[in-house]
Structures are given as C-alpha cells and as structure tokens.
Amino acid sequence: PGSRPRRHPQATTVHPEDLSWSILGDIFSRPWFVRAWVIQEAALSKVTPQMLCGTHKLSWESILASGTWLLSICYKLTPLIRRPTTVPALRSLKLFSELRQVGLPWDMTTLLNKTRRFRSSEPRDRVYSLIGLAKEADEAFVLPTAFRASYDRPVRDVFRDVTRYIITSSKNLGILTLIRCNPDWDRYPSWVVDFTGDVLWERISYFAWSAHTKGW
C-alpha cells in the first residue's frame, strides 16, 4: 500500500521518508497482532491466510516475510525504530513464521513462553487459546482436565491445574521459570504461574529455547 517507493540511483532500499514506512508502521501498530486467539488463526489455517485492512487486501506471505526480515536483519536501521508500537507485531510475525516452519504441535511450556507477550481480555484464554497447538492435547486420547475450557472456574484454579499438569506430565520444572522473582503470594501459591504476567517481569532464569531443533 502507499506511494511507489522512491529509490536513489544504485540503491535497493526504500527511502526513509517514503510514505510506505508510515503505512507499514500503522499496520504493525494494530492490536490484532498481539491477540491471543490470533495465534491459532494464523497457525492452523488450512489455506493461506489473507489480511484485510480497511478496503485493502494484503498478502499474508508478504506481511510475514517482511515482518520477520525486519526484526531479524534491519529493524534498527529503518524508520520503524521510531515506532516502538510496531515491535510486538514483528515479534508475533516471527512466532507465526516459526510455527509454520517447524510444524505443530509444540509442547505447552514452549508455547506459553513464546506467547507471553500476547493479550486477552479473558485471563483463562492465555491458556485456552493455545490448546489446539499443544503437544499435550494432541497426544491425549481424552483432553486433560486441566486444558478443558471452563470459564466458570476461578482463574487461580485454572492456572494452578495447568501448572501442576505440565510439571507432572513432563517431569520437568522448567515451567516455573515463568514465575516472577517476587510472586504475588496473596493471589497465587508460590509455585503457580500467573500466565497473564507482564513480559517485563523479571523471571527466575531464561530458557534455552531449542526444543524443536535437531538433537533435542
């Protein structure tokens, strides 16, 4: 969208003042990119998704490619560096690309870590929106009780049961690294992960996210 890129002689990049950067910044600043339920929409679509913005239809493949390229190669060298609101969208596009390249399902611990910047108005959806992508749900003959959507149950109980299930089924305490260093003990037990936690929380440690690389 926007005006045709103005190119300098012997140059291949879009001029910093080109209107296209402003339009791209407006698109990437939209909250759609960080909605939790969008992850399933992007990852599980059986056809190539199409993106509608106003009266314009955008190529999902182009958006995906440009977003991941910008974040991994040259974001700091583009005018978008002046639009910090675009960073969440670029990170989301990188995740969408990884989900497609690696393939599904992923283990729930990895999904919860990778999607911690996403948002939902309903706290329980921080878990429920990922069930369709999770290895635990894919391998179970019957969906584990902890993952069955129930909006009548207290959020505290949902997060408690999910944390407990991941620990017991994986026999791994890795999920606990998502707990902030100073847990809200008045709201949750000390070992329960609050999956709505802000990404700015200081975590106990950082994962080496290689769960889907060769040799894992």
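The values are calculated or read from the model by the stated rules, or taken from the named source; none is laboratory data. Because the structure is a prediction, the values reported are computed rather than measured. Cβ atoms come from the backbone with ideal geometry, glycine included; neighbour counts cover every protein chain shown. Just so you know, the surface numbers come from the protein's heavy atoms only, side chains and all, with ligands and any DNA or RNA stripped out. Shrake-Rupley method; radii C 1.70, N 1.55, O 1.52, S 1.80 Å.
A few points about this structure:
- Summed over the range 129-156, the residues that are open to solvent by 10 Å² or more (accessible area, probe 1.4 Å) and either part of a loop (DSSP other than H, G, I, E, B) or closer than 11 Å to VAL192 by Cα (or both) give a count of 13.
- Flag if LYS57 is in a loop (DSSP other than H, G, I, E, B) and either open to solvent by 50 Å² or more (accessible area, probe 1.4 Å) or of a type in the set (Lys, Arg) (or both): no
- Sole residue being closer than 26 Å to LEU64 by Cβ and touching a strand residue (DSSP E or B) at 6+ places or on another chain (Cβ under 9 Å), chosen from LEU133, LEU80, LEU90, LEU112: LEU133
- Residue pairs meeting the criteria (Cβ under 9 Å; at least 6 apart or on separate chains; first outside any helix (DSSP H, G or I), in the range 79-93; second of a type in the set (D, E, K, R) and modelled with pLDDT of 90 or more): ARG83/ASP26
- Any hit, the range 107-123, residues being touching a Lys or Arg at 6+ places or on another chain (Cβ under 6 Å) and either over 15 Å from VAL38 (Cβ atoms) or open to solvent by less than 10 Å² (accessible area, probe 1.4 Å) (or both): yes
- Residue list for the range 21-69, filter: in contact with a strand residue (DSSP E or B) (Cβ under 7 Å, 6 or more places away or on another chain), farther than 16 Å from LYS114 by Cβ and not hydrophobic (A, V, I, L, M, F, W, C): GLN50, LYS57
- Selection count, the range 107-130, where residues are without any contact (Cβ under 8 Å) to a residue 60 or more places away in the chain and over 20 Å from LYS94 (Cα atoms): 4
- Selection of the range 41-54 for residues being in contact with a helix residue (DSSP H, G or I) (Cβ under 8 Å, 6 or more places away or on another chain) and either in a helix (DSSP H, G or I) or under 17 Å from SER29 (Cβ atoms) (or both) yields ALA42, ALA43, LEU44, MET51, CYS53.
- Residue within the range 96-104 that is under 19 Å from the mean Cα position of the chain (by Cα) and part of a loop (DSSP other than H, G, I, E, B) present: yes
- Identity of the residue in the range 157-196, at pLDDT below 75 and assigned to a loop (DSSP other than H, G, I, E, B), that ends up least open to solvent (accessible area, probe 1.4 Å): PRO183
- Within the range 63-78, the set of residues being part of a helix (DSSP H, G or I) and either β-branched (Val, Ile, Thr) or open to solvent by 70 Å² or more (accessible area, probe 1.4 Å) (or both) comprises ILE63, THR68, TRP69, SER72, ILE73, LYS76, LEU77.
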